[in-house]
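Everything on this sheet refers to the single structure shown next.
The values are calculated or read from the model by the stated rules, or taken from the named source; none is laboratory data. No experiment lies behind these values; they were computed from the predicted model shown. Virtual Cβ from ideal backbone geometry, glycine too; neighbours counted across all protein chains shown.
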Amino acid sequence: MQKFLPLFPLNLVVFPLDDLNLHIFEPRYKDLINESLYNNTTFGIPTFIDGKIPGFGTEVKIVSVAKRYEDGRFDIKTQGVSVFRILDFQNPVREKLYAGGTVELLKEPELFPPVLPQLLQQTELLYALLNEKNSFNPNKPQPFSFQIAHKIGLSIEKEYELLKMPTEAERQAFILKHFEKVLPVLQELERTKEKIRMNGHFKNLDPLNF
């Protein structure tokens, strides 16, 4: 499906069903958001990387206006809807301050796709090594890959790769490969920390037979 969307490029990746809070202060984006509110329409957030827009982003809807300021700024709460690919980019849109373009909307993700047990175990291990509470919920109505993607140490480039993948199976396999690299490093760091903690303590050493 193709449609025209006002575009709000940002140096981040928004995934479908992500909750994103935005502070709107630039005149062009105040116009964009005011029009979206007035017309009850969505807009797009294409990812901006290394000074350019590589082509994919996420359609978002405005959930609520959290605060309006006297000078025209405001804070809004938004939520990702579906991934799109830009077909035609206009900057600015004719007679507007903001950019826009024709996009191809990709298939909306499943709400409850199955989660690989290994991925759940690896996520638990990651958070145990970080001494952080794991609050992810595999039963949440959002693909598990999107739910954890911002909180497992992926670079923006890797998050963008994840965004472009069409299936949850591909995304989960991608994250497992990431864990294969990250977890051994963290485990070795934890062993090093334990050695440092033990330095200077009385040690009960096994007798050597030689």
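Hey, could you check the range 153-174 for residues that are hydrophobic (A, V, I, L, M, F, W, C) and farther than 14 Å from Val13 by Cβ and say which is surrounded by the most Cβ atoms within 10 Å (Cβ to Cβ)?
Per the stated criteria, the residue is Ala173.
Confirm whether Glu104 is out of contact with any helix residue (DSSP H, G or I) (no Cβ under 9 Å at 6 or more places or on another chain) and touching a residue at least 60 places away in the same chain (Cβ under 8 Å).
Spelling it out, Glu104 is indeed out of contact with any helix residue (DSSP H, G or I) (no Cβ under 9 Å at 6 or more places or on another chain) and touching a residue at least 60 places away in the same chain (Cβ under 8 Å).
When you check Leu125 against the structure, is it over 16 Å from the mean Cα position of the chain (by Cα), at pLDDT below 95 and surrounded by 15 or more Cβ atoms within 10 Å (Cβ to Cβ), yes or no?
No: the conditions fail for Leu125.
Touching a residue at least 12 places away in the same chain (Cβ under 8 Å), in a loop (DSSP other than H, G, I, E, B), in contact with a Pro (Cβ under 9 Å, 6 or more places away or on another chain) and not polar (S, T, N, Q): does that describe Val115?
Yes; evaluated as a whole, the condition is true for this residue.
Can you pull out every residue in the range 24-54 that is of a type in the set (A, V, I, L, M), within 21 Å of Phe146 (Cβ to Cβ) and without any contact (Cβ under 8 Å) to a residue 40 or more places away in the chain?
Ile45
Scan (1) assigned to a loop (DSSP other than H, G, I, E, B); (2) outside the structural domain of Asp31 (by TED's automatic domain parsing) for the single condition Tyr160 breaks and write down its number.
Failed condition: (1).
Which of the residues belonging to the range 177-194 are under 15 Å from Ser155 (Cα atoms) and in contact (Cβ under 8 Å) with a residue 12 or more places away in the chain?
Once the filter is applied, which keeps residues that are under 15 Å from Ser155 (Cα atoms) and in contact (Cβ under 8 Å) with a residue 12 or more places away in the chain, the range 177-194 yields His178, Phe179, Val182.
When only residues in the range 35-51 that are part of a helix (DSSP H, G or I) and among the polar types (S, T, N, Q) count, which is surrounded by the most Cβ atoms within 10 Å (Cβ to Cβ)?
Ser36
Has the range 55-69 got any residue that is small (Gly, Ala, Ser), surrounded by 14 or more Cβ atoms within 10 Å (Cβ to Cβ), in contact (Cβ under 8 Å) with a residue 24 or more places away in the chain and in contact with a strand residue (DSSP E or B) (Cβ under 7 Å, 6 or more places away or on another chain)?
yes
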